[in-house]
1. Give, in nm to one decimal, the length gained when the segment between residue 166 and residue 32 is fully stretched (0.36 nm per residue of separation minus the Cα-Cα distance).
2. So, in nm, how far is label residue 144 from label residue 132 when the simple model puts each one 7 Å beyond its Cα toward the Cβ?
3. Please give the peptides 25-36, 99-110 ranked by average Cβ packing (other Cβ atoms within 10 Å per residue), highest first, as a rough proxy for protection.
4. Just order 142-154, 42-54 by mean Cβ neighbour count inside 10 Å, highest at the front, would you?
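What follows is calculated from the coordinates using simple rules that are stated; it is not laboratory data. Because the structure is predicted, anything quoted here is derived from the model rather than measured. Because the Cβ atoms are built from the backbone with ideal geometry, glycine has one as well, and the counts that use them run over all protein chains shown.
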């Protein structure tokens, strides 16, 4: 929990996820999507240069959801951090955003479609519309039909949201 609190504090200051977060936990299209000294590997995960491209080699159990938002094949296994054998099991949490706004999941925020590798624990995902946008509905995941802007999900899984222009 202290790691998440630290990451959240760094997020507030830097406007991005913490460079202290583990390798192989954030998908990327280019190195600009990665923090600190991390680069985007050929496997489309952020990692330090000497681990770049090796994230997808260590895999989660077969039940893990494949990652497809960053150009990986749909049957690609979910990655884990091979550098930390005692690390907790991780699962892919895919966030899908329609309209102008963002989904916030702990220390992670996403204004487009994103996938993060997170511990297999319930996490609150909060829908936050831009200044002229308002939450319309959950489009994918366990909260479809709910009017709450907070959805609790346990990775692996997908949560989608739709925002629309606010009525003034």
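1. Value of the extension gain: 45.1 nm.
2. Here the answer is 3.1 nm between the modelled labels.
3. Going from most to least packed, we get 99-110, 25-36.
4. Working: 142-154: 13.9, 42-54: 18.8.
Highest mean packing first, the order is 42-54, 142-154.
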